[in-house]
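The values are calculated or read from the model by the stated rules, or taken from the named source; none is laboratory data. In this text the structure is predicted, and so the values were computed from the model without any measurement. Counting neighbours? That spans all protein chains shown, and the Cβs are built from the backbone with ideal geometry, glycine included. Each accessible area value is taken on the protein alone, full model and side chains, heavy atoms only, with ligands, DNA and RNA left out. Shrake-Rupley method; radii C 1.70, N 1.55, O 1.52, S 1.80 Å.
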Amino acid sequence: DPAVPAEPLLRFRSLAARSRGARGGAGAETQVGNDLGSPEPLRWLLRSPFDRNVPVQLELQELLLDHVFQRLGVSSQGCVDHPIVLTEAVCNPLYSRQMMSELLFECYQVPKVSYGVDSLYSFYHNRRQSWPCSGVVISSGYQCTHILPVLEGRLDAKNCKRINLGGCQAAVYLQRLLQLKYPGHFAAVTLSRMEEILHEHSYIAQDYTEELQKWRCPEYYENNVHKMQLPFSNKLLGSTVASEEKQEKRQQQLRRLQELNARRREEKLQLDQERLDRLLYVQELLEDGQMDQFHKALVELNMDSAEELQSYINKLSLSVEQTKQKILQSEVNIEVDVVDSKPETPDLDPLGSEQSLEDVESINEFEPLFAEEQPEVEKPVAAVQPVFNLAEYHQLFLGTERIRAPEIIFQPSLIGEDQAGVAETMQYVLERYSKEQQAILVQNVFLTGGNTMYPGLKARIQKELLEMRPFQSSFQVSLASSPILDAWYGARDWALEYTNREEGWISRKDYEEKGGEYLKEHCASNVYVPIRLPKQAPRAAEAPSRASGTGNPGEQA
């Protein structure tokens with residue numbers, strides 16, 4: 001159908017950051033998703049509506065939904081007249097689903113909603129057998145990893161297991177390793193770069209201990225180490241300008257300062273001279289006997305007597321003389337700086353050239369006698385600059401870190417987590433079924449999620465299954481065609497198939513009658529477990545029994 005998009009129209013990370021504005025909240029700006037750009041400068045301001053993979057902050061979730069509807073061109077004024085398919089966590093808490101349904105139905109007035117599990121949508125999209133089929137889904141994402149058994153196309157929620165480890169913990173562990181290895185680049189080893197290294201350079205070892213032994217060989221290290229170049233600037237080692245250029249720049253700065261000071265002195269001299277002329281004019285009024293004009297001028301000058309006027313005249317006269325002397329001195333200094341201060345070498349005595357050859361030979365005879373007394377002339381020694389490659393200094397060498405970071409999903413004890421790994425948890429899940437059901441489940445072990453894209457993960461799971469399964473038993477391991485986007489592809493396929501059906505859709509009528517936590521099950525959904533409150537006995541029936549209480553304390557108790 002050309003009306004159905006083959007790829008997602010909008011992709012962004014579920015993050016938001018509210019920048020601080022001026023005092024009083026003016027100028028504060030909220031950025032969402034791709035508008036953030038690089039998350040590192042705003043790392044301390046980032047907020048997410050999710051606690052691991054469960055939405056808990058519905059205010060931020062509403063902000064993300066507004067961003068989605070705005071970028072997709074969906075009008076959200078009054079209502080959003082579109083059905084919505086939304087993913088949720090495995091065994092999602094009822095309170096979280098209730099708040100999400102309340103947001104969608106009350107705020108956006110959507111006609112109907114369907115909830116499903118992202119890994120089950122991916123399993124539904126990559127089905128290779130006739131549906132419904134059975135299998136084990138291993139879903140590893142950013143925050144956690146799930147082991148989901150699927151029987152006859154439906155999730156067996158009672159035997160699902162969750163490991164609280166994912167790509168985020170691997171990135172943090174890799175960051176810690178490289179910061180300890182390169183303390184000089186502590187700030188450059190950011191989480192964003194660690195996620196990039198995990199996606200492009202890491203892999204899963206089939207045998208972790210044996211792989212570490214290989215890395216001890218120098219030849220293996222040289223052939224398999226990856227180098228990552230960090231950004232750097234040549235200005236970090238200081239300026240490479242020659243000393244003569246530095247001296248010339250200093251002289252230019254000195255001339256500019258001298259010119260600026262001279263201009264300021266001239267301006268100050270002009271102002272003081274104008275004030276002095278004004279005061280001398282007032283003093284002439286007093287000498288001419290024009291008392292009325294003299295007193296009026298004193299009032300304008302904010303002075304009380306002729307003595308105060310004379311004091312101001314003396315101070316200004318002294319200031320004007322001092323400023324004139326400074327200006328003359330600065331002009332003399334500038335003229336002296338312009339003159340070349342290097343002494344000229346005197347001409348040699350012309351009579352020296354008329355010395356006879358015998359005199360020169362006699363002088364040469366006495367030279368060895370005075371050799372010790374003559375001071376040795378120091379020869380200029382060329383400064384040896386140490387060879388330092390700044391580009392090599394800003395390189396990260398990725399050796400065993402390539403396998404140590406992703407290994408935590410198999411050995412959580414590497415980072416101090418008291419949890420079971422993927423292989424151990426999968427064996428625990430399989431042991432909860434009969435041997436016939438185990439044989440059916442292991443025929444379709446499905447890997448999905450962004451944290452399953454490491455090279456070698458499929459071979460590692462096959463090796464672990466080979467060790468835990470009986471001798472000569474068969475199993476099948478498959479990887480999602482697109483581990484990140486297959487959940488969206490599966491949700492799209494399911495929505496197209498069930499658009500005109502009532503199965504799996506929660507209408508507004510169902511929401512009003514059965515509450516926000518209500519869920520209609522389908523092939524890729526959770527199992528709905530309604531809230532069962534204990535029935536309380538009516539108080540009217542309890543009152544007579546209390547009134548007719550017997551004397552037996554045991555019966556009363």
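Taking first residues from region 389-418 that are over 19 Å from residue 223 (Cβ atoms) and partners that are open to solvent by 20 Å² or more (accessible area, probe 1.4 Å) and of a type in the set (A, V, I, L, M), the Cβ contacts under 8 Å between residues at least 6 apart in sequence or on separate chains come to 390/236; 390/237; 394/188; 405/177; 407/414; 408/414; 408/415; 412/420.
Yes/no matrix, rows are residues, columns are (1) more than 25 Å from residue 263 (Cα to Cα); (2) in contact with a Ser or Thr (Cβ under 6 Å, 6 or more places away or on another chain); (3) at pLDDT 80 or above; (4) in the same structural domain as residue 268 (by the TED database):
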| site | (1), (2), (3), (4) |
| --- | --- |
| 294 | yes, no, yes, yes |
| 337 | no, no, no, no |
| 341 | yes, no, no, no |
| 357 | yes, no, no, no |
| 361 | yes, no, no, no |
| 372 | yes, no, no, no |
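What do you reckon, is residue 96 at pLDDT below 95, within 34 Å of the chain's Cα centre (by Cα) and assigned to a helix (DSSP H, G or I)? Here the answer is yes, as residue 96 does meet what is asked.
Could you please find all residues in region 413-462 being among the polar types (S, T, N, Q) and over 18 Å from residue 120 (Cα atoms)? Full working, then the answer.
Pass one, region 413-462, residues among the polar types (S, T, N, Q): 413, 419, 425, 427, 434, 437-438, 443-444, 448, 451-452, 462.
413, 419, 425, 427, 434, 437, 438, 462 - these are the residues of region 413-462 that are among the polar types (S, T, N, Q) and over 18 Å from residue 120 (Cα atoms).
Kindly establish whether residue 193 is touching a helix residue (DSSP H, G or I) at 6+ places or on another chain (Cβ under 9 Å), open to solvent by 60 Å² or more (accessible area, probe 1.4 Å) and within 18 Å of residue 397 (Cβ to Cβ). Yes, satisfied.
What residue, of 542, 521, 517, 555, is modelled with pLDDT under 90 and surrounded by 11 or more Cβ atoms within 10 Å (Cβ to Cβ)?
Working: 521 fails: modelled with pLDDT under 90; 517 fails: modelled with pLDDT under 90; 555 fails: surrounded by 11 or more Cβ atoms within 10 Å (Cβ to Cβ).
Residue meeting the stated conditions: 542.
Considering only residues of region 163-187 that are open to solvent by less than 30 Å² (accessible area, probe 1.4 Å) and outside any helix (DSSP H, G or I), which is nearest to residue 395 (Cα to Cα)? Across region 163-187, the extreme among qualifying residues is 166.
If you go through region 262-272 and keep only what is crowded, with 16+ Cβ neighbours inside 10 Å and either under 11 Å from residue 313 (Cβ atoms) or not aliphatic (A, V, I, L, M) (or both), you end up with 265, 272. Pairs linking a residue in region 477-505 that is on the phi > 0 side of the Ramachandran plot to a residue that is open to solvent by 20 Å² or more (accessible area, probe 1.4 Å) and modelled with pLDDT under 95, with Cβ atoms under 7 Å and 6 or more positions apart or on different chains, are 504/498; 504/520.
Give me the residue from region 472-514 that is of a type in the set (S, T, N, Q) and closer than 15 Å to residue 111 by Cα and, out of that set, most open to solvent (accessible area, probe 1.4 Å).
Narrowing region 472-514 to residues of a type in the set (S, T, N, Q): 472-474, 476, 478, 481-482, 499-500, 507.
Adding the requirement that they be closer than 15 Å to residue 111 by Cα leaves 499-500, 507.
Working: 499: 63, 500: 154, 507: 41 Å².
Among those residues, the one meeting the criterion is 500.
Taking residues in region 189-207 that are closer than 14 Å to residue 454 by Cβ, and partners anywhere that are of a type in the set (Phe, Trp, Tyr) and open to solvent by 40 Å² or more (accessible area, probe 1.4 Å), not one pair has Cβ atoms closer than 6 Å while being at least 6 places apart or on different chains.
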